[in-house]
Amino acid sequence: MCGIIGVIDRRRQCMDGSKIKEALSMMNERGSGEGAGYVAYGIYPEYKDYFALHVFFDNIRENKGILDEELDKWGTIVHDEQIKTYEQPNIRKVHTPWRYFFRPDRSLMPKSKTPDEDIVTHLVMKVNTAKNGTLIFSSGKNLGVFKAAGWPDEVADFYRIQDYKGYLWLAHNRYPTNTPGWWGGAHPFNLLNWSVVHNGEITSYGTNRRYIESFGYQCTMFTDTEVVAYLFDLLVRKHGLSEKMAVRALAPPFWEEIDVMPEKQRELNRAIRLAYGSALMNGPFAICVANDHSLVGFTDRIKLRPLVSGELGDRLFISSEEAAIRRLEPDVQDIRMPKAGDPVIGKVYA
Amino acid sequence: MTIGSIPLRFRVEIDPERCMLCGRCVENCSYGVFRKEGESIRVNSRNCVACHRCLAFCPRDAIDIAEKPTDYRSHPLWTREVREAIFNQAKTGKIILSGMGNAMPYPVIFDRLVLDACQVTNPSIDPLREPMELRTYLGKKPSQLSLKESPNGEVELKTSLSPNLQIETPIMVGHMSYGAISLNAQLSLAKAVSRVGTFMGTGEGGLHEALYPYQKHMIVQVASGRFGVDINYLERGAAIEIKIGQGAKPGIGGHLPGEKVCSDVSRTRMIPEGSDAISPAPHHDIYSIEDLKQLVRGLKEATEWKKPVFVKIAAVHNSAAIAAGIARSSADAVVIDGFRGGTGAAPRVFRDHVGIPIEAAVASVDAKLRQQRIRNEVSIIASGGIRESADVAKVIALGADAVYIGTSALVSMGCRVCGTCYRGLCAWGIATQRPDLVARLNPDEASVQVENLINGWTLELAELMGAAGINSIESLRGNRDRLRSYMLDEELMQVLDVKTVGA
């Protein structure tokens, strides 16, 4: 099951988190109270040039010093603090959430075209693979993931997400099967500016994981969702594809459709399937992916999970359920159910 | 001779109550088991190889064949096979010849791997209702695409693709040469693969004129003897395969006895009639990986870079590193032939003792190529002991792109796996050049059987994929998460990168 929702304001007008919490709670039927999470873009304007690292520490005394040392090795910690939380009756605070604003030392990766991102990616992979009580679950600029084990309203109140203001939000109501109760297993998953919420199961995970790992990514979260963030990072950031073409690679048309396309289209789609066959995602899924300037929603090739979109003014809404969108924006217009594999894309104007 | 007769391998008995003396067994047995004497049929069981031709054509089910009717004193080490090999060599002082694939009772890894299916959390997909894609492209793939996207939505492809073979099912027929098998057998396979939309290999026997109509579905082989190779041959094939080694006999060459080199074989192979066709152990122009690279490029130059070039190696201990070398040579696919791969003739000691299983070889080759980020440079074709659709699914999940089948295709034409191919007396008209025996195989009928087999496996593969919630073969390839090992040891599980059942 699981319920997902995403909203983007194309003029970067900010919304606080109160409505998104209510919208997500509309889909409690799709969850089990064992995981929920939010990501908001635009929440750290005063630190927007630094990477905002959100970290779960199992034990501050033991774990934090090690991470500080590692970060110092690769750059500068501009500021760090505990993420404020507010006790909730049903949430057992098994981790201490922390935030860092970090500036990588790009001279340490001289051969890279994107040294800052590569340093942060390296740090995230290294820390998370080591599994020693520290998990970096959010690593983009001017954005942050907030997640825990609990119902959507409990998790929202735990972090008081109504206090954060973002122009782009994703949220997820979880019905776990793989890793219940584990905070790291809740969505959204994030790497750099990429965040993902996902409803479904990726039956091609083994293939996708082996593919993405051969590009130096490491899957550390014990779940199929993180691979989506890495695939987008690879296809869009590293290979320079547009979001639309990235979705085409992940959920491509069937050969029987490709075979009857006009020649140029046919060649393009054939090339995409040949080059990115191992990135193709199979199984039932509806996914929202965001980065700092866009929100993309798409489903598997035969639409085995629901996805609905709606528009109002500068805002695009994507969700598992129309009811959730209407809770977020009662006056929403242009409700659509995108076809299998067809992306819904919203981009900021500038 | 102090050894005397050894016990019968098979005892053939005719039930006189049932036999009506029609003489079909006499006509059909090419090994001389039966003869008619007056009003009875006499049997010489010692000649029997259990090819079952007589059984298949006896209208009254009067014939019965029993294996090993006489017991040796049993012993776990000194098996019957060991003792008989010693008798054989004591008499001849020669290398023992054998046919078909590995006959040692090694455990079969495929049979210790189980596939996955969806329940509840994700739906299985019904191939009768939803598209199920088995189409596969063999050849180099770009590691990334370069696209030019204009604001109006036009997308232009800037990357040019290497030639790939398109197959509608990941099942191809492996290389069995004209010489090793009959022209009718090759014709049957050729007709079948053309109709199915897949490919077959010519083997190192040249391309007979009768196969020209099917050349778009033929992969022409260049092996160490270079038999039948000229520009005409290369240009006719859809792809070219350089054969370095064969799973049934890694490290050694081939030998087609002169008796099998009839005038037609002689013309096709471009060698004198009646002469032995000897393929040397190494290619005499390939003594290192860079020499292979030159041959690959030479063949590509000759065919104007229009055809994929495959390189076939036997699965040996170091296959992964060898395949990584091949992937850097401009080759488009690497064929790995496991130690269960069949053969027309191989020294028994090689067939049974040299090489490694295809499952482990594919797993390690796929892992090595990924580790070195060159998996996209070559496709992996697995062969050697693929017996059913489940084996195809498993080997693809371990990392192969497609498979070659050999023995299974022959069995679909009637072969009973008697393992006597090297004698050239195949009663089924498959592994023989004797015109009267060859005429027994009707290519129109046999091709339908081969086609049925491939279609049947393809349907099963589609069902297996659908059950696993996968509608495209790309998502099965290398998807080792969908395999579990059942009673494999931990080190082998590490090589295969699979978890145990229950994990």
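Every read-out reported here was derived from the displayed coordinates using simple, explicitly stated rules and does not represent laboratory data. Keep in mind that what you see is a predicted model, and the values were worked out from it rather than measured. A quick note on method: Cβ atoms are made from the backbone with ideal geometry, for glycine too, and the neighbour counts reach across all protein chains shown.
Between residue A:13 and residue B:104, what FRET efficiency comes out of the Förster formula 1/(1 + (r/R0)^6) with R0 = 60 Å and r the beta carbon distance, rounded to 0.05?
0.25
Can you list the aspartates and glutamates whose alpha carbon is less than 15 Å from that of residue A:131, not counting same-chain residues fewer than 8 positions off?
By straight Cα distance, residue A:131 reaches A:58, A:62, A:70.
Please identify which residues in the range B:147-191 have an amide N closer than 19 Å to a label point set 7 Å out from the Cα of residue A:266, following the Cα→Cβ vector.
Only B:155-169 pass the distance filter.
Only four residue types carry charge here, +1 at the Cβ of Lys and Arg and -1 at the Cβ of Asp and Glu. Report the dipole size of the protein assembly as shown about the Cα centre in Debye, rounded to the nearest 20.
Roughly 1580 debye for the protein assembly as shown.
How big is the charge dipole of chain A about its Cα centre, in debye rounded to the nearest 20, if each Lys and Arg gets +1 on its Cβ and each Asp and Glu gets -1 on its Cβ?
Once rounded to the nearest 20, the dipole reads 520 debye.
Provide the FRET efficiency to the nearest 0.05 for the residue A:107-residue A:347 pair, computing r from the beta carbons and using R0 = 35 Å.
0.60
Can you give the FRET efficiency to the nearest 0.05 for residue A:72 and residue A:160, using r as the Cβ-Cβ distance and R₀ = 25 Å?
0.25
With a/c under 1.5 counting as rounded, go ahead and sort the protein assembly as shown into rounded, prolate or oblate using the C-alpha gyration tensor (a ≥ b ≥ c being the square roots of the eigenvalues; past the cut-off, prolate if a/b is larger than b/c, else oblate).
Verdict is prolate for the protein assembly as shown.
On full extension of the chain, what length is gained from residue B:259 through residue B:20, given 0.36 nm per residue of separation minus the C-alpha to C-alpha distance?
Difference between extended and current length: 82.4 nm.
How far apart, in nm, are two points set 7 Å out from the Cα along the Cα-to-Cβ line at residue A:86 and at residue B:128?
Each label point lies 7 Å from its Cα, and together they span 5.7 nm.
Can you tell me, using C-alpha contacts under 8 Å and at least 6 residues apart, the relative contact order of the range A:3-347 as a whole percent?
24
Sequence gap at least 6, Cα distance under 8 Å: using those rules, report the relative contact order of the range B:10-94 to the nearest whole percent.
In percent, rounded to a whole number, it is 35.
Using a simple spin-label model with points 7 Å from Cα along the Cα→Cβ vector, what separation in nm is obtained for residue A:61 and residue B:387?
Label at residue A:61, label at residue B:387, 6.1 nm between them.
Over all alpha-carbon pairs in the range A:250-340, figure out the percentage whose distance exceeds 20 Å.
Pairs farther apart than 20 Å: 48 percent.
Would you mind checking the tilt of helix B:389-398 against the longest principal axis of the Cα atoms of chain B, expressed as 0 to 90 degrees and rounded to 10?
Approximately 40 degrees, to the nearest 10.
What cysteines in chain B have no other cysteine with a beta carbon less than 4.7 Å from their beta carbon?
By the Cβ distance rule, which asks for a partner under 4.7 Å, the isolated cysteines are B:19, B:22, B:29, B:48, B:58, B:118, B:262, B:415, B:421, B:426.
Which order results if B:270, B:413 are arranged by neighbouring Cβ count within 10 Å, fewest first?
Fewest to most other Cβ atoms nearby, the residues stand as B:270, B:413.
Using the Cα gyration tensor of the range B:417-456, with a ≥ b ≥ c the square roots of its eigenvalues, what is the shape: rounded (a/c below 1.5), prolate (a/b larger than b/c) or oblate (neither)?
Cα axes put the range B:417-456 in the oblate bin.
Relative contact order for chain B: what is it in percent, counting Cα pairs under 8 Å that are at least 6 residues apart?
Computed value for chain B: 19 percent relative contact order.
Given Cα positions, please report Rg to Rh for chain B, the hydrodynamic radius being the Kirkwood one.
0.99
Hey, can you list the DSSP H helices of chain A whose Cα span along the axis is 15 Å or longer and whose average Kyte-Doolittle score is at least -1.0?
A:115-130
Given the Cα-Cα distance of residue B:288 and residue B:83 and 0.36 nm per residue of separation, how much length would full extension add, in nm?
Result for the pair: 69.8 nm of gain on full extension.
Comparing A:284, A:110, A:180, which has the greatest mean-square fluctuation in the GNM of chain A with Cα pairs linked when under 10 Å apart?
Taking springs between Cα atoms under 10 Å, the residue moving most is A:110.
Measure off 7 Å from each Cα along the Cα-to-Cβ vector at residue B:45 and residue A:114, then give the distance between these two points in nanometres to one decimal.
The answer from the label model is 7.6 nm.
Any idea how far the Cα center of the range B:199-219 sits from the one of the range A:59-138, in Å?
Centre-to-centre (Cα) distance: 61 Å.
Please give the helix B:289-302 orientation as an angle from the longest Cα principal axis of chain B, in degrees from 0 to 90, rounded to the nearest 10.
Approximately 80 degrees, to the nearest 10.
Work from the charge dipole of the protein assembly as shown (Cβ charges, +1 for Lys and Arg, -1 for Asp and Glu, about the Cα centre) and give the residue of B:452, A:290, B:334 farthest towards its positive end.
My answer, from the dipole projection, is B:334.
Ranking B:305, B:428 by Cβ neighbours within 10 Å, fewest first, what do you get?
So the residues, fewest neighbours to most, are B:305, B:428.
Arrange the following residues from fewest to most other Cβ atoms within 10 Å of their Cβ: B:106, A:44.
Least to most surrounded, the residues fall as B:106, A:44.
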